[in-house]
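A quick write-up on the structure given underneath.
The values are calculated or read from the model by the stated rules, or taken from the named source; none is laboratory data. On a predicted model such as this, the values are computed, not experimentally measured, just so you know. FYI the Cβ positions are ideal-geometry reconstructions off the backbone, even for glycines, and counts take in every protein chain you see. Just so you know, the surface numbers come from the protein's heavy atoms only, side chains and all, with ligands and any DNA or RNA stripped out. Shrake-Rupley method; radii C 1.70, N 1.55, O 1.52, S 1.80 Å.
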Amino acid sequence: VVAGMMMLLKFFVVCALPCSGAAVSLGAIRWDAWWGASDAVGQAVTLNLDPVEWHYRVPFFGRILGPNNVTWNGNTSAVMEQEIQLAHTYGINYWAFVTYPLDEDLSYALKLYLASPTRHLVNMSLIVEIGRYVDEAQVPLARLVETLQLDCYQRVTAQRRPLLFLLGASTTQNLTAVHARTVQLRAALATAGAAQPYIVSMGWEAMVAMKSVQQSVGADAVSRYVYVSSNWAAHPGHGYPYAENMKEEQADWQSAVAAQVPFVTTITAGWDPRPRETRPVPWHQSFPPQCTNSSLCWIEDPTMAQLTAQVSAAVNFTQHHAAAGQAEADSALISAWNEYDEGHWICASLLQGAEKLQAVQRGVNRLRRRS
């Protein structure tokens, strides 16, 4: 543990200035299942990273006990303070927390963050799956109204509207209940004298396709949780080049502009779910049928230069189109902070330190030097 702490401190020392000089706010998605193998979810992600080939993904607060044995406990205030310092140091302006009922283990990080004395260093927003959004028992309206008024909540546009992501709506669903909940939320915030939320419909489809969804749910803009090429599983057993995924993701941004779809720019930091393909998770994530244990499917991890380039391109694109009004939220969102076993993360790892965060920071600093 001491060695791990010394490694982390070394990466703090070599950091440059925070990236807050850029006008674009830079967020990162959090999915927090890193408390250890004490239940089905925690055990699943631990087992996924047990094999030695995945040890490079072990979180910075983890330990490698043997060739096929890893452990961690991210459910401590000390770890949360380190995460806040990492995010702040390397220019992450806010985290977008995938949201669960507060009594579930998957809410541990949000509760630690809200209790932190340094939470002002990194703002927060919520990503609420639509099934929970419409379910008063899971995400009560009063909780949303209270959270969206917190001093640490991420605000966008000149009107300082709280940024809220609704995840999972698609063009094939009946979204009447989601729209009704949005009307209810807007009315409750108006009654409270609070700013209206800036609601982003976040899905898995092309942003152009999400335009009708945006209108159906009463949202202001669209985004994606992650960009995964439609060709990523075309050649099982061979990684799809990240460079190709980069280009296709940028084309998705451009298509949104051409179709006049308001957006929050997505930055995909990878997609390599092979640990989940070989050890299916209990929440039944599905993969293409041709992706089998003998022929897995994945997108190659980005090089640090590629990650820097994609961040720089996204921030530049967002800044340009914010001025034109279409990216009025003036925000880009990285997928993700800590999706270690699904294969898209930028947070520090035990073996590779903060190299991905440094790459992200260089991408923003590159734009700042030009301007």
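Couple of notes before you dig in:
- Once region 314-355 is narrowed to residues that are more than 22 Å from Ser223 (Cα to Cα) and either of a type in the set (S, T, N, Q) or open to solvent by 10 Å² or more (accessible area, probe 1.4 Å) (or both), the residue that is farthest from the chain's Cα centre (by Cα) is Leu351.
- Counting only helices (runs of 4 or more DSSP H) wholly contained in region 264-371, the ones carrying 1 or more residues that are among the basic types (Lys, Arg) occupy 274-278, 355-370.
- Within region 187-236, being of a type in the set (S, T, N, Q) and assigned to a loop (DSSP other than H, G, I, E, B) holds for Gln196, Ser229, Ser230, Asn231.
- Residue within region 179-194 that is within 23 Å of the chain's Cα centre (by Cα) and open to solvent by 50 Å² or more (accessible area, probe 1.4 Å) present: no
- A single member of Leu47, Leu86, Leu65 is of a type in the set (A, V, I, L, M, F, W, C), over 30 Å from Pro117 (Cα atoms) and either open to solvent by less than 40 Å² (accessible area, probe 1.4 Å) or touching a strand residue (DSSP E or B) at 6+ places or on another chain (Cβ under 8 Å) (or both), and it is Leu65.
- For Leu164, the test of being open to solvent by less than 60 Å² (accessible area, probe 1.4 Å), farther than 22 Å from Pro101 by Cβ and aliphatic (A, V, I, L, M) is failed.
- Val139 being farther than 22 Å from Met80 by Cα and either open to solvent by 10 Å² or more (accessible area, probe 1.4 Å) or assigned to a strand (DSSP E or B) (or both): no
- Residue within region 62-76 that is in contact (Cβ under 8 Å) with a residue 40 or more places away in the chain and under 21 Å from Phe165 (Cα atoms) present: no
- Some residue of region 255-270 being at positive phi and surrounded by 19 or more Cβ atoms within 10 Å (Cβ to Cβ): yes
- Selected residue [more than 16 Å from Ala336 (Cα to Cα), surrounded by 20 or more Cβ atoms within 10 Å (Cβ to Cβ) and aromatic (Phe, Trp, Tyr)] from Trp72, Trp54: Trp72
- Residue in region 34-43 that is of a type in the set (Gly, Ala, Ser), assigned to a loop (DSSP other than H, G, I, E, B) and either within 30 Å of Asp330 (Cβ to Cβ) or touching a Leu at 6+ places or on another chain (Cβ under 9 Å) (or both) present: yes
- Selected residue [of a type outside the set (S, T, N, Q), at pLDDT 95 or above, open to solvent by less than 40 Å² (accessible area, probe 1.4 Å) and assigned to a helix (DSSP H, G or I)] from Leu114, Leu126, Leu144: Leu144
- Against the test of being among the aliphatic types (A, V, I, L, M) and touching a helix residue (DSSP H, G or I) at 6+ places or on another chain (Cβ under 7 Å), the options Ala314, Ala305, Ala329, Ala359 yield a single qualifying residue, Ala359.
- Test: residue in region 278-293 that is at pLDDT below 95 and of a type in the set (Gly, Ala, Ser): yes
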